[in-house]
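J.: For reference, the structure I am asking about is given below.
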Amino acid sequence: MNHFVDFDPRYAPQLVDLWNRAWVDRFPMRQELFVQNSIEDMNVLKEGSLIALDPWTEEAIGLVISKKLSAADPYAAMLEDEGYEHAGWIQVLLVDQRYRHRGLGSNLLSHAERALASNGARKIILGGDPWHYFPAVPADDDHDAVPKWFQKRGYQAGKTYYDLLCHRQHMTTVQPHTMMSHAAPSSNNRSTWREPADRHPTYRLLRLDEKDRLLAFMQKVFPGRWTYEAYHYFLKGGKGREILVVEKDDNIVGFCRLHDDQSPFIAQNVSWAPLFPDRRLGGVGPLGLELKARGAGYGLSMVSAALEELFQRGIEYVVIDWTDLVEFYQRLGCSLWRRYIYHEKIL
């Protein structure tokens, strides 16, 4: 019989090895990413997370990590207000290839489901957790068996989401937006973009002294997860270089997050940077405009400005993650890269 032990940070190196034995060619794990998303996140449900060991070698051969919003997370209420109060997540369920088809995965899943239910979860979502690896269940051609496996165990499939990959050499210039300068609007080296005079929005990086202004905008226009992530960005030491704002008539009317290898944490859209040359990968998103600013082309210009900022930092590849707006981003020259299918189970 397999031997099960509680989820413990001491096993992190073994668990990273377990992950990479299965997924290194598509989703290569790094120790720092695993620690950030699966150990440091206050929402990890310890009693719903379990490690399976080979009884003879003590090698890690299976893993499940579940999450439930925790009172220890200072901003958890923002997600509760979005409907996640009674939700739980399976962040990852993994079994070594050599030990599959023996019921190990089912046992790990059942353990997590019982623990989540006993902690008040009425719905379990696969992926999409705070500090997630996947927005939903990976469902590329060679992963089609994974959604079917969960569906046999009572999970219902929903929307399909995508990651897109943008390569600098293949990008399309979007008008109207013209670069005014690459000089700083503050003491930092920042880029500023402005629409032609008949429109007047400005696209620029946030200054740290505008933090409260941005958060007020987020709470008003995008309450919930995006605001939750913005608060955590500053909690992690963010200074503003990862947030591009759209400003019109001295008001913030839109925002776009952008990340690279100098960001204060590993953002979800740069998780798989080891797949790229020198591990240099940029990420764009989430992003949004307030209602009255939509429909005028600002969104596409905002993304184009964010991409241009990353390219000027020397980034060649950029991922736009967790979206169903495929045609919108393809207008910029981005292409489909990953596919995911939402799954949930009502308890």
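Just so you know, all these numbers are worked out from the coordinates, no wet-lab data involved. Quantities reported herein were computed from a predicted structural model and do not represent experimental measurements. Neighbour counts run over all protein chains shown; Cβ positions are idealised from the backbone, glycine included.
J.: Could you compute the FRET efficiency for Gln151 and Thr202, with r as their C-beta to C-beta distance and R0 at 56 Å, rounded to 0.05?
T.: Numbers: r = 48 Å, r/R0 = 0.85.
E(calc), rounded to 0.05, equals 0.75.
J.: Going by amide H atoms built from the backbone, whose H comes under 5 Å of the H on Gly333, apart from near neighbours?
T.: Thr172
J.: Enumerate the calculated ³J(HN,Hα) couplings along segment 228-240 in order (Karplus 6.51 cos²θ - 1.76 cosθ + 1.60, θ = phi - 60°), each rounded to whole Hz, writing x wherever the residue is Gly or Pro.
T.: 3, 5, 5, 4, 5, 4, 6, 4, 7, x, x, 10, x
J.: When the Karplus curve 6.51 cos²θ - 1.76 cosθ + 1.60 is applied with θ = phi - 60°, which whole-Hz ³J(HN,Hα) does each residue of segment 107-119 get, with x for Gly and Pro?
T.: 5, 5, 5, 4, 4, 5, 4, 4, 5, 5, 4, 5, 9
J.: Per-residue counts of other Cβ atoms within 10 Å, averaged by peptide: what ranking do you get for 237-244, 218-225, 276-283, highest first? The partial results should precede the final answer.
T.: Working: 237-244: 19.8, 218-225: 16.1, 276-283: 18.0.
Most protected by this proxy first, the peptides run 237-244, 276-283, 218-225.
J.: Shifting gears a bit: Under a GNM of the chain (C-alpha, springs under 10 Å), which listed residue has the highest mean-square fluctuation: Ser118, Ser70, Ser271?
T.: Ser118
J.: Further question: For each of Asp163, Asp144, count neighbouring Cβ atoms within 10 Å of the residue's Cβ, then give the residues from fewest to most. Please list the in-between numbers first.
T.: On the way: Asp163 23, Asp144 13.
The fewest-first ordering by Cβ neighbours comes to Asp144, Asp163.
J.: For Tyr228, what is the net charge nearby, where nearby means another residue's Cβ is under 14 Å from its Cβ and Lys, Arg count +1, Asp, Glu -1?
T.: Working: positive: Lys67, Arg225, Lys236, Arg257; negative: Asp41, Asp73, Glu80, Asp81, Glu82, Glu85, Asp129, Glu229.
Counting the neighbours of Tyr228, the net charge comes to -4.
J.: Name the residue farthest towards the positive end of the dipole of segment 3-133 from the options Phe7, Gly83, Leu108, assuming +1 on Cβ of Lys and Arg, -1 on Cβ of Asp and Glu, about the Cα centre.
T.: Most positive-ward Cα: Leu108.
J.: Which of the pairs Lys211/Lys248; Lys123/Lys211; Lys123/Lys239; Lys68/Lys148; Lys123/Lys148 have their Cα atoms more than 28 Å apart in this structure?
T.: Values: Lys211/Lys248 17 Å; Lys123/Lys211 34 Å; Lys123/Lys239 36 Å; Lys68/Lys148 25 Å; Lys123/Lys148 19 Å.
Flagged as over cut-off: Lys123/Lys211; Lys123/Lys239.
J.: Name the residues of segment 122-137 whose amide N is less than 17 Å from a point 7 angstrom out from the Cα of Ala12 along the C-beta direction?
T.: Label zone hits: 131-133.
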